[in-house]
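The values are calculated or read from the model by the stated rules, or taken from the named source; none is laboratory data. Remember, predicted model here, so these are calculated numbers, not experimental data. For neighbour counting, all protein chains shown are included, and Cβ atoms are generated from backbone atoms with ideal geometry for every residue, glycine included. Heavy atoms of the whole protein, side chains included, go into the accessibility calculation; ligands, DNA and RNA do not. Shrake-Rupley method; radii C 1.70, N 1.55, O 1.52, S 1.80 Å.
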Amino acid sequence: MVEELWYKNAIIYSLDLETFMDYNGDGVGDFEGLARRLDYLHAMGVDTLWLAPFQPTPNKDNGYDIKDYYGVDPRHGSSGNFVEFMHQANKRGLKVIIDLVVNHTSDEHPWFQNARSGKDAKLRDWYIWSEKKPSDWDEGMVFPGVQEATWTYDKKAKAYYYHRFYKFQPDLNVNNQEVRDEICRIMGFWIELGVAGFRVDAVPFLLETPAPGPPKPELKFNYLRELRRFLQWRRGDAVFLGEANVLPEETKKYFGEEGEGIHMMFNFYVNQHLFYALATGDTAPLIEALEKTRLHSPVSQWAHFLRNHDELDLGRLTEEQRQKVFARFGPDEDMQLYGRGIRRRLSTMLGNRQQSELAYSLMFSLPGTPVIRYGDEIGMGDDLDLKERSAVRTPMQWSADKQAGFSAADKLIHPVIDKGPYGYEHVNVDRQRRTPDSLLNWMTTMVRLRHECTEIGWGDWEILDTGNPSVLGMHYHWQGSSLLILHNFGEKACEVIIDLKTIKIGELIDLMRLESCTADKKGRHTINLEAYGYRWFRAEGLTHLMKKS
Ligand code: NOJ
């Protein structure tokens with residue numbers, strides 16, 4: 001029963017403890033603060049939270065450098081606070097997914113400290129070493145321009161260690177059975193505390209087998225199956241949400257045969273082509289990206305997002321396409337990062353409400369599970385004075401009070417945005433809650449609409465011929481229920497004629513306004529779209545307005 005798969009119609013909200021809500025006033029967000037904001041999230045209608053890493057960390061990579069997998073960083077509270085938060089989340093029916101960052105640890109992790117202590121150290125083989133300087137020591141960096149190498153010499157260890165990311169993040173050797181056992185223990189620990197799954201960090205790198213010399217192309221997909229088996233033994237409905245920015249033809253291996261691989265993966269490929277469509281008004285490459293990433297198994301699922309905590313990675317576009325997106329959304333050098341991306345939030349890139357609505361409406365309508373980034377629901381901006389990806393990691397803007405209502409402290413972990421049109425005095429939750437036509441209220445409506453449109457998560461879809469390259473039309477159907485969703489990426493209003501040919505539908509009921517659209521004698525529908533307009537219809541005659549589930 002595909003309806004059993006909760007993740008197929010979930011709505012995920014991603015946040016970082018550090019910048020969400022500081023309860024104890026030390027300038028860093030904490031679990032007590034987050035617990036007090038659960039009613040806000042619940043009222044918005046999201047049903048799943050994805051928490052960025054919150055375990056003890058030297059915090060040199062926003063928590064993606066963990067030094068103890070079995071605890072809570074004291075800045076965010078205690079294990080007791082975590083369990084209390086889980087209780088409060090579950091009480092509201094909210095599921096919680098956490099990051100699983102096991103491709104690498106922090107270099108301060110006791111495992112690495114032991115491993116570097118000598119050739120015969122107990123945990124030496126938990127990491128990847130080379131006594132000689134590898135010929136490819138400066139190849140394959142994930143953060144070009146900032147990261148200098150992938151093999152770094154450690155004096156104490158008297159050897160080079162491998163790190164796909166920053167040098168303070170040594171890669172674990174997952175070919176070692178003890179390491180694999182430990183990773184299972186980590187998953188088992190958090191599952192026992194009630195989490196509904198894991199956002200698996202850096203999946204392709206976790207599967208590679210690094211060794212000095214030219215890269216080995218084979219990835220250990222068997223290992224994914226092993227992880228999946230363990231997860232499901234421990235909790236039948238727990239899921240993996242994988243971070244793997246790979247080409248469409250590679251994705252099948254990650255999803256695996258039915259029930260064997262990753263349940264959900266972020267669709268980076270569609271994300272990049274979506275921004276191309278927003279930048280140029282041309283939907284053809286987006287349609288191609290959707291078709292290329294079409295899934296054929298009912299248990300596999302894409303997660304669709306607009307922005308995340310990293311740069312907007314445009315590495316999969318052609319050079320010409322990338323330059324067009326840069327020109328429109330990140331023209332200045334300091335808006336760009338690692339030669340491939342843009343370090344800005346959605347609102348500042350798009351610059352107007354209509355296009356933000358278009359983008360979000362599209363995200364909710366794509367075949368997959370939508371993921372909202374904290375702060376995007378109120379249109380928060382970025383701070384380009386902060387370094388690298390920190391630009392998009394500023395504290396949540398709750399109100400016009402001091403420090404945006406985020407904290408009572410004078411000094412914060414990251415400064416709040418207090419200048420310009422995106423400053424907290426203008427853009428904040430409190431204000432938008434009391435403004436009927438605010439982005440926040442619009443978003444809440446969209447979340448409800450998406451919950452009602454379960455055809456998207458469970459059904460099949462096809463691209464409609466709209467006769468206009470700026471208009472994306474999608475048709476979903478599921479057990480006799482049918483949805484038509486149109487998005488106009490063009491800056492001009494337009495009219496499109498939709499002919500479903502094989503499927504006879506009568507009236508189209510607009511799900512967002514009191515309007516409907518009847519077919520002409522030939523069964524065609526003529527639909528008007530405003531500039532950057534979007535419309536969601538359910539086909540009357542085939543089904544009722546509300547979901548059939
Ligand atoms: C991917 C995460 O999204 C990113 O923020 C982090 O720097 C790397 N993985 C390394 O963990």
*Each residue of segment 86-92 in order: what ³J(HN,Hα) in whole Hz does its phi give by Karplus 6.51 cos²θ - 1.76 cosθ + 1.60, θ = phi - 60°, with x for Gly and Pro?*
4, 4, 5, 5, 4, 4, 9
*On a 0 to 90° scale, report how tilted helix 177-192 is relative to the longest principal axis of the chain, with both axes built from alpha carbons and the result rounded to the nearest 10.*
50 degrees
*Note the full-extension length gain between N528 and K501 as 0.36 nm times their separation in residues minus their Cα-Cα distance, in nm to one decimal.*
7.7 nm
*Using helices alone, what [θ] at 222 nm do you get for the chain, with -39,500 (n - 2.57) per DSSP H run of 4 or more residues, divided over all residues and rounded to the nearest 500?*
-8000 deg cm²/dmol
*Over 22 Å (Cα to Cα) - which of K492/K522; K220/K252; K155/K387; K132/K167; K133/K158 fall in this group*: K492/K522; K155/K387
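Any idea of the accessible area per residue across the chain, 1.4 Å probe, to the nearest Å²? Don't jump to the answer; show the numbers that get you there.
Numbers: 21970 Å² over 549 residues.
Per-residue value: 40 Å².
For segment 47-83, run through the trypsin sites (Lys or Arg not before Pro) and keep only the ones in DSSP coil with at most 15 other Cβ atoms within 10 Å of their Cβ.
Numbers: sites: K60, K67, R75; in loops: K60, K67.
Listed in order of number, the matching sites are K60.
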*For Y127, list long-range residues whose amide hydrogen, built 1.01 Å from N in the peptide plane, is under 5 Å from its own amide hydrogen.*
N173
*So what's the gap between the Cα centers of segment 21-37 and segment 420-473, to the nearest angstrom?*
28 Å
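For the chain, what is the percent of antiparallel DSSP beta bridges, rounded to the nearest 5? Don't jump to the answer; show the numbers that get you there.
Values: 41 of 70 bridges.
Among the beta bridges of the chain, antiparallel pairing accounts for roughly 60 percent.
Rounded, prolate or oblate: which fits segment 129-173, taking a ≥ b ≥ c as square roots of the Cα gyration tensor eigenvalues, rounded meaning a/c under 1.5, else prolate when a/b beats b/c?
Prolate, since a/c reaches 1.5 and a/b exceeds b/c.
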*What nm value, rounded to one decimal, do you get for the distance between A327 and D237 when each label is placed 7 Å out toward the C-beta?*
5.0 nm
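Cα gyration tensor of segment 91-163, axes a ≥ b ≥ c as square roots of the eigenvalues: rounded (a/c below 1.5), prolate (a/b > b/c) or oblate? Let's see the in-between values first.
Details: a/c = 3.45, a/b = 1.55, b/c = 2.22.
Note, shape of segment 91-163 comes out oblate.
Name the shape class, rounded, prolate or oblate, that the alpha-carbon gyration tensor gives for the chain, where a ≥ b ≥ c are the square roots of its eigenvalues, rounded holds for a/c under 1.5, and otherwise prolate holds if a/b is larger than b/c and oblate otherwise.
On the way: a/c = 1.67, a/b = 1.49, b/c = 1.12.
Prolate is the answer for the chain, as a/c is 1.5 or above and a/b outweighs b/c.
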*In whole percent, how big is the carbon plus sulfur part of the accessible area of segment 110-162, probe 1.4 Å, protein atoms only?*
49 percent
*Placing +1 at every Lys and Arg Cβ and -1 at every Asp and Glu Cβ, with all other atoms neutral, what dipole size does segment 112-152 have around its Cα centre, in debye to the nearest 20?*
280 debye
*Could you list the residues of segment 166-204 with an amide nitrogen less than 20 Å from a label point located 7 Å from the Cα of S78 in the Cα-to-C-beta direction?*
190, 193-194
*Show the residues, 5+ positions off or on another chain, whose built amide H is closer than 5 Å to the amide H of I97.*
L49, W50, L51, A196
*Report in % the part of the accessible area of segment 460-539 that belongs to carbon and sulfur, leaving out ligands and nucleic acids; probe 1.4 Å.*
48 percent
*For the chain, find the longest principal axis of its Cα atoms and tell me its angle to the long axis of helix 319-329, 0 to 90°, nearest 10.*
80 degrees
*Of the peptides 471-481, 130-140, how do they stack up when ordered by the mean number of other Cβ atoms within 10 Å, highest first?*
471-481, 130-140
*Pull up all non-local amide H partners of T369: gap of 5 or more, or a different chain, and H-to-H distance under 5 Å with H placed in the peptide plane.*
W302, A303, H304
*asked:* For F82, F230, give me the order by solvent-accessible area with a 1.4 Å probe, most accessible first, ignoring ligands, DNA and RNA.
replied: F230, F82
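Rank V203, V246 by accessible area, highest first, at a 1.4 Å probe radius? Each step should come with its number before you reach the end.
Values: V203 0, V246 20 Å².
So, going from the largest accessible area down, we get V246, V203.
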